[in-house]
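A short write-up of the structure that comes next.
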Amino acid sequence: MITAGIDMGSRTVKVVFLEELKVDGAPQLKWGVKGKHIMFPEDLDADLAADKAFEDALKGAGITRDQVKNVVATGAGRKQVKFATSDVTEVGAGARGAVFMCPTAKTVVDVGAEEGRGVKANAEGKVVDFAGNEKCAAGAGAFAESMSRALQLSLKEFGEASLRSDKTIPMNAQCTVFAESEVVSLIHSSTPKEDIAKAVLDAVASRVCAMVRRVGIEDEVILIGGMVHNPGFVQSLKGALGVDKVLLPEMPEYISALGAALIAAENNKA
Amino acid sequence: MSSGEKKEYWRWQESCWIDESKDWRAAKIVTAGIDVGSVSSQAVVCVDGELYGFNSMRTGNNSPDSATNALAGVLEKSGMKLEDITYVIGTGYGRVNVPFAHKAITEIACHARGANYMGGNKIRTILDMGGQDCKAIHCDEKGKVTNFLMNDKCAAGTGRGMEVIADLMQIPIAELGPRSFDVDEEPQAVSSTCVVFAKSEALGLLKAGYSKNKVIAAYCQAMAERVVSLIERIGVENDFFITGGIAKNVGVVKRIEKLLGTTAAETKYDSQIAGALGAALFGHTLMLKQGASATKAA
Amino acid sequence: MIANYGYKDGSGEYYISIDTDKCTSCSAGRACLTACPKEMFEIITDDYDDEVAAVKQSFRRSLAFDCSDCKPAGGYTSLPCSTACTPGAIKHSW
Ligand code: SF4
Ligand code: SF4
């Protein structure tokens, strides 16, 4: 049986197919790594984009639409995916996918461009509790993006630069817009870029950490969302949470789509 | 980052005025209030509890100098010397850095007091929207604060938020207000509060074929809605008075008035002096009290 | 006077309001100062020369994060600050 998960973001669509295989007689879910990630131009209609991505993914996986039993959509544009059987929130899909990838984790930290949140999940990857800071760029990856632009570094360079610093400079501004001026004045006072980068990532980490503390830290911590690619942030997050290890999933972009596909498989059984 | 153009909006007309009909030399008590804000600084001189003169100018890099320069304008025009002023109160974000001030009072209390003088004792609600913050104040008939809130964390709903859109549209900030009415139909407000996300939303609207003016209208409406939600927290009661930079942006002011179903009180003076005026009036009251206790003690 | 300390940003409204009329004649022995684990409150002399509690400046722009330990996502029934303040001067907007 094959099911699919579609993660419909504001600019990207990700598709994952999931197949249930029999391993030694016991049914086991195998992720076919038949993911497909496309960026679509802003003027393309969301449901058209979803359709196109799905077609491409089917072709890539060598299967047909009829073979796919259930399609669950997630992400900001999940309601726009017309051919989906049902939909699930990003929080639910993210946690499900994360725990599937790293079964020892119960605390899921999800930091994307637009939101930062802490999720407590049970062993099945169901959400027990979550707390987040949405719609304010200062509590999410967008903060780091803006600041890296002010420093004229790519996000990758920004993260790496931060790792080279061992200074702790507090950022006073709690708003992305005001923080930009603060960063500019730090540059003017010849503060090394590394130290500024670390200050910025520490600030995001401490805000995210406050949200994680609201759900409580239990067992292992896994980070999902765009910030997985930022080693500087991972370092800052460890510091803020006071843990030695933060698990990072493989192919982090697909975690939510995978979670949706897993939920699709479950729905199919029920 | 900071082009001269976008600062232009917050550079109010620098203005200096004195009331020629009054003779400060004949006055018993001369007090001054200095409001050092993040963008502009004002000095007000009161004689016997009446507004005598004011000066308004851009805040420089250094608060003490801005305070000195602002007051110097009034002194020069009136022939007064610093020693002629009995009491000086500093207010605004740079209030502790006013070198010759005897006391500092928060801008919240000063704005209420100043608005009460300028707009009359029916003023109950005051909105002060500055370059980097936004304040909503409720006061009684004496201009005493009964409820207030401030928002200086978030750029949305401040002059800074407006600068961002002016920059994005590449339109001088002073033109935003008038342009926001030059639209075929009033658009829906931009839905994101956050300036960062509102900026992407505005870009999206432009791509979707909105005219620049229409995007500005959508942004002004969002700004107005946001400010109104803040005022509602402290309760809106007439009369209503607006001070600070936003008073100069009709695009936001008119929309706020429409949402509240009321019009802001008029004043013949420049409403931006409210803070400094309030400070000078506080100084006057203080001198009266001290005078009274001094006589009692004697 | 109702003094609202905090902010509203894209994510929500976070204000701690202090009713200074209840606060001036504190009958709780300024319990808020020690009740808050973050020591967020201080006693100030306000513009009308009353001695009242206020939220320290350094917390006013980050309340959503600063109070997170007292506000678990699973829900809570009371807060240390407003419980300690028996006159009922301290309220949270979120
Ligand atoms: S403008 Fe600043 S504080 Fe406001 S929501 Fe955006 S990032 Fe947050
Ligand atoms: S909720 Fe907790 S941290 Fe916040 S002010 Fe009250 S006691 Fe302090």
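Give me the net charge for the shell around A:R149: Cβ to Cβ below 12 angstrom, other residues only, Lys and Arg +1, Asp and Glu -1.
-3
Residue by residue through the range B:267-284, which ³J(HN,Hα) values in whole Hz follow from phi under the Karplus form 6.51 cos²θ - 1.76 cosθ + 1.60 (θ = phi - 60°), with glycine and proline marked x?
9, 7, 9, 6, 5, 6, 7, 3, x, 5, 4, x, 4, 5, 5, 4, x, 4
Using protein heavy atoms only (no ligands, DNA or RNA), what is the total accessible area buried between A and C, 1.4 Å probe, nearest 100 Å²?
1100 Å²
For chain C, calculate the relative contact order in percent as a whole number, restricting contacts to Cα pairs under 8 Å that are 6 or more residues apart.
38 percent
Expressed in whole Å with the largest first, what are the equivalent ellipsoid semi-axes of chain A derived from the C-alpha gyration tensor as the square root of 5 times each eigenvalue?
That gives 35, 21, 15 Å for the three semi-axes.
Over the Cα atoms of chain B, compute the convex hull volume and normalise it per residue, giving Å³.
So the per-residue hull volume is 129 Å³.
Normalised by the number of residues in the range A:210-270, what is the relative contact order in percent for Cα pairs under 8 Å and 6+ residues apart?
With pairs under 8 Å counted, the relative contact order is 35 percent.
For the range A:124-131, take each phi angle, set θ = phi - 60°, evaluate the Karplus expression 6.51 cos²θ - 1.76 cosθ + 1.60, and give the result in whole Hz per residue in order, putting x for glycine and proline.
Running phi through 6.51 cos²θ - 1.76 cosθ + 1.60 with θ = phi - 60° gives 7, x, 7, 6, 8, 7, 8, 9 Hz.
Report, to the nearest whole %, how much of the accessible area of the protein assembly as shown belongs to carbon and sulfur atoms, 1.4 Å probe, protein only.
Carbon-and-sulfur percentage of accessible area, whole number: 49.
Quick one: Karplus J couplings for the range A:106-111, per residue in order, coefficients 6.51, -1.76, 1.60, θ = phi - 60°, nearest Hz, x for Gly and Pro?
10, 9, 10, 9, 10, 10
Calculate I(q)/I(0) for the range A:131-241 by the Debye formula, one identical point scatterer on each C-alpha and no solvent, and give its log10 at q = 0.21 Å⁻¹ to two decimals.
-1.12
Mind giving me the nanometre distance, one decimal, between the label points for B:Q188 and B:S229, set 7 Å out from Cα along Cα→Cβ?
The answer from the label model is 1.5 nm.
Return the residues of the range A:161-179 for which accessible area with all protein chains present is lower than in the chain on its own by 20 Å² or more; set the probe to 1.4 Å and exclude ligands, DNA and RNA.
Correct list: A:Q174, A:C175, A:V177, A:F178.
Check A:E220: other-chain or 5+ apart residues with amide H under 5 Å from its amide H, H built from backbone geometry?
For A:E220, whose amide H was placed from the backbone, the distant partners under 5 Å are A:K106, A:T107.
What is the helix-to-structure angle for A:193-215, meaning the angle in degrees between its Cα long axis and the longest Cα principal axis of chain A, kept from 0 to 90 and rounded to the nearest 10?
Result, in degrees: 50.
Show which aspartates and glutamates lie in cross-link reach of C:K8 when reach means a straight Cα distance below 14 angstrom and same-chain residues fewer than eight apart are skipped.
Hits, sequence-local ones excluded: A:E134, B:D133, B:D152, B:E225, B:E232.
Cross-link candidates for A:K245: which aspartates and glutamates have Cα within less than 16 Å, leaving aside residues fewer than 8 places away along the same chain?
The reachable aspartates and glutamates, counting only those whose Cα sits under 16 Å from A:K245, are A:D110, A:E218, A:D219, A:E220.
Between A:D129 and A:K59, what length comes free when the chain is fully extended (0.36 nm per residue of separation minus the Cα-Cα distance, one decimal in nm)?
That pair, A:D129 and A:K59, stretches by 21.4 nm at full extension.
Of the residues B:C194, B:C139, B:C46, which exhibits the maximal mean-square fluctuation in a Gaussian network model of chain B defined by a 10 Å Cα contact cut-off?
B:C194
Rounded to the nearest Å, what's the spacing between the alpha carbon centres of the range B:267-285 and the range C:33-61? Just the number, please.
Computed from Cα coordinates, the inter-centre distance equals 27 Å.
With 26 Å as the limit, write out which pairs from A:K135/A:K198; B:K81/B:K144; B:K77/B:K135; A:K193/C:K56; B:K144/B:K289 have Cα-Cα distances beyond it, or answer none.
Where the Cα-Cα span goes over 26 Å, the pairs concerned are B:K81/B:K144; B:K77/B:K135; A:K193/C:K56.
Which cross-chain or sequence-distant (5 or more) residues have an amide H under 5 Å from the amide H of A:M251, H modelled 1.01 Å from N in plane?
Those qualifying (amide H under 5 Å, at least 5 residues apart or on another chain) number zero.
P(r) of the range B:128-260 in 10 Å steps, Cα pairs, percent per bin?
The percentages, shortest bin first, are 13, 46, 30, 10, 2, 0.
Using a cut-off of 11 Å between beta-carbons, work out the net charge of the residues near C:M1 (Lys and Arg +1, Asp and Glu -1, C:M1 not included).
For residues surrounding C:M1, the net value is -4.
Which whole-number percent gives the relative contact order of chain B, counting Cα pairs below 8 Å spaced six or more residues apart?
23 percent
Restricting things to Cα coordinates, could you compute the convex hull volume per residue of the protein assembly as shown in Å³?
With only Cα atoms used, the protein assembly as shown gives 175 Å³ per residue.
At what distance in angstrom do the alpha carbon centres of the range A:123-141 and the range A:41-84 lie from each other?
Taking the Cα centre of the range A:41-84 as reference, the centre of the range A:123-141 is 25 Å away.
Once amide H atoms are built 1.01 Å from N in the peptide plane, which residues 5 or more positions from B:Y52, or in another chain, come under 5 Å H to H?
HN-HN under 5 Å from B:Y52: B:V45, B:C46, B:V47.
Determine the total buried accessible area between chain C and chain B, counting protein heavy atoms only with a 1.4 Å probe; round to the nearest 100 Å².
Buried area between the two chains comes out at roughly 1800 Å².
Return one number: the angle in degrees, 0 to 90 and rounded to the nearest 10, between the long axis of the Cα atoms of helix A:176-188 and the longest principal axis of the Cα atoms of chain A.
Approximately 40 degrees, to the nearest ten.
Given a 1.4 Å probe, how much area per residue of the protein assembly as shown is accessible, in Å²?
42 Å²
As I understand it, the value is the acute angle between the Cα axis of helix B:159-169 and the longest principal axis of the Cα atoms of chain B; what does it come to in degrees, rounded to 10?
Around 40 degrees separate the two axes.
Using the Cα atoms of the range A:82-145 to build a convex hull, what is its mean projected area in square nanometres?
Answer in nm², one decimal: 5.4.
For the range A:181-270, which trypsin sites (Lys or Arg not before Pro) are in a loop by DSSP, counting at most 13 other Cβ atoms within 10 Å?
Taking the range A:181-270 and a limit of 13 other Cβ atoms within 10 Å, the loop trypsin sites (Lys or Arg not before Pro) found are A:K245.
Antiparallel DSSP bridges in the range B:82-223: what percent, to the nearest 5?
Rounded to the nearest five, the antiparallel share is 85 percent.
Among DSSP bridges having both ends in chain B, what percentage is antiparallel? Round to the nearest 5.
Roughly 75 percent of the beta bridges in chain B run antiparallel, per DSSP.
Please give the total accessible area that chains B and A bury against each other, computed with a 1.4 Å probe and expressed in Å² to the nearest 100.
Approximately 1200 Å², summed over both chains.
In deg cm²/dmol, rounded to 500, what helix-only [θ] at 222 nm does the protein assembly as shown give when every DSSP H run of at least 4 residues adds -39500 (n - 2.57) and the total is split over its residues?
-11500 deg cm²/dmol
Just to confirm a number: summing +1 for Lys and Arg and -1 for Asp and Glu over residues other than B:G177 whose beta-carbon lies under 12 angstrom from that of B:G177, what do you get?
+2
The values are calculated or read from the model by the stated rules, or taken from the named source; none is laboratory data. It should be emphasised that the depicted structure is a prediction, and the values quoted were computed from it without experimental measurement. Virtual Cβ from ideal backbone geometry, glycine too; neighbours counted across all protein chains shown. Calculation scope for accessible area: heavy atoms of the full protein, side chains included, ligands and nucleic acids excluded. Shrake-Rupley method; radii C 1.70, N 1.55, O 1.52, S 1.80 Å.
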